[in-house]
Each structure stands twice: as C-alpha cells, then as structure tokens.
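First the structure, in the form of structure tokens, and then the observations on it.
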Amino acid sequence: MVAEILPVQWALIGAGALFIGMNKTGLQGIGMLAIPMFATVFGGRVSTGIVLLLLAMADVFALLYYHQHAEWKYVGKLLPWTICGILIGVAIGTIVSDATFRMLIGVVVLFGLAVLVWRETRKHAEVPTAWWFAALAGIASGVATMIGNAAGPITTVYFLAMLLPKHAFIGSQAWYKLISNLIKVPFHIFIWNTITLETVTVNLVLAPAVLVGAFIGFHVVRLIPEKPYRVFVIVATLIATIRLFV
C-alpha cells in the first residue's frame, strides 16, 4: 500500500495528519477537514481505519499536555451512551450510505450549535444536566465516530455546553476520545477489516506529522484568550459540520 501512494497523495494525507494533531491539542474542528483528504486517497471505508489510529495517536499526544485537566464526571456521563452508539454504528454501518449518514449527523450538530450559540449569548443560561442530554450526545457521537470518525462536532457541543474552562475542555475531550477510539479498534480489525498491517504501516509513516500538528496546536491555543477561544471553536465546528453536507 505504501509503495502505491503517489507523492501528491502523501502531501495530501500528510496535511490531513497535521490537522488531526492540531485538532487534538486545541484547534477543534480543523481535524474534520482531514476526513475527506484520506477518503480521497484510500476510499471511504478503508480510510476510516487509517484515520482511527491517527486519531488515537493524537489523543495520546494531547494527553501529554492536558491529562490532568479532565472533568471525569462529564466524561463518565457520556461514555456508556457512546458505547451504545458504537454498537449501533457497527450494526448499521453496511446499511446506511455514508452520504446519507453525514447529512443526518450534520443536521443534528447544526441544531446543537444553534442551541449553543443561544446559550453563549445569555448571561445566566443553565448548564444542561438532564440525563437525556448526555444520552443523546453519547449515542449520536458513538454512531458518528464508528461510521466515519465524525463525532468531533457533537462532542464539542456537549463539552462546550458544560461551560468547561479551556484546558478542562481539551483534557476531557482527549480522554473521552482516546477511550472511545480504543473501543472501536477491535471492530475495525475483526468485523470491518479496515485495520491491517498495511494500513498500520501508513500510520507509522504519518505519525511524525501528527506529532508536529499536536505541538503547533498546543502552542497556538495558549495564545488565544478564553472567550475568543470558545468563539473560534464554535466557528470551526460550524465550518467542519457544513463540510459533512459536501
């Protein structure tokens, strides 16, 4: 597989790996742009396995900086529902077309962003603590991450809605996504066959680009104040979500 990849394709997926690293250390939303880059080179189904391991690498890099900042009560509320969503995603992955599913996820996320923007403009908006909010976000993100590694906008809306400070937001996302990504690995290996020795070789070649991206994201996010950071995340997530419809 490695020998068959053209130089221009290496440049494309190298940029995608860079974006994945930047996304995991704070520049939320930009990682979604990497998904179509890999799909262009490897096709939709195979690319999901390759992207998954790159995401897991980036999660580890992010935790080197932010592991102590996680708010586990919010992560814990989300994970059980996420596992349910992953199992649903495994079951329907061969039935629902990628294009249809991306559009459904996009509609859900756009609605969530609209609610989030409304909350951001209210001084005394309450944090949504009802069990159904975590359940809806967890199941939706579980299905989305299993089908196309597209859970980023959904989990971003969830953790932003918890009004977490910048570092707690990044740390909680990093732990949550690493755990959920590791849960997905056996399904990709034994059921979908999208993680093989050949795809792992591609991951190893791209690992330095993920590391560089993580380093860039960490230093850039330190320069952004709290309020502009939340605005940046919302805008980047909106752009990434619109990309789901293309």
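The values are calculated or read from the model by the stated rules, or taken from the named source; none is laboratory data. Only a predicted model underlies this, so the values are computations on that prediction, with no experimental measurement involved. Quick reminder, even Gly has a Cβ in these numbers, built from the backbone with ideal geometry, and neighbours come from all protein chains shown.
Brief remarks follow.
- Residue within region 31-49 that is over 25 Å from residue 99 (Cβ atoms), polar (S, T, N, Q) and touching a residue at least 60 places away in the same chain (Cβ under 8 Å) present: no
- Of the criteria (1) outside any loop (DSSP other than H, G, I, E, B); (2) more than 26 Å from residue 2 (Cβ to Cβ); (3) without any contact (Cβ under 8 Å) to a residue 40 or more places away in the chain, which one residue 110 fails: (3)
- One residue stands out in region 17-37 among those that are small (Gly, Ala, Ser) and assigned to a helix (DSSP H, G or I): the one that is surrounded by the most Cβ atoms within 10 Å (Cβ to Cβ), namely 21.
- Some residue of region 73-91 being surrounded by 16 or more Cβ atoms within 10 Å (Cβ to Cβ), polar (S, T, N, Q) and in a helix (DSSP H, G or I): yes
- Within region 186-203, the set of residues being of a type in the set (A, V, I, L, M) and either crowded, with 19+ Cβ neighbours inside 10 Å or in contact with a helix residue (DSSP H, G or I) (Cβ under 9 Å, 6 or more places away or on another chain) (or both) comprises 189, 191, 195, 200, 202.
- Residue check: residue 138 meets all listed conditions (1) surrounded by 15 or more Cβ atoms within 10 Å (Cβ to Cβ); (2) modelled with pLDDT under 70; (3) more than 21 Å from residue 245 (Cβ to Cβ) but one, namely (2).
- Test result for residue 183, more than 15 Å from residue 72 (Cα to Cα) and crowded, with 19+ Cβ neighbours inside 10 Å: no
- Residues in region 1-16 that are touching a helix residue (DSSP H, G or I) at 6+ places or on another chain (Cβ under 6 Å), assigned to a helix (DSSP H, G or I) and over 24 Å from residue 159 (Cβ atoms): 2, 9, 12, 13, 14.
- Being touching a residue at least 40 places away in the same chain (Cβ under 8 Å), acidic (Asp, Glu) and over 23 Å from residue 224 (Cβ atoms) is a property that does not hold for residue 120.
- Selection of region 38-54 for residues being surrounded by 18 or more Cβ atoms within 10 Å (Cβ to Cβ) and β-branched (Val, Ile, Thr) yields 41, 46, 48, 50, 51.
- Just one of the listed residues (195, 242, 216, 234) is modelled with pLDDT under 80, within 25 Å of residue 12 (Cβ to Cβ) and not acidic (Asp, Glu), namely 242.
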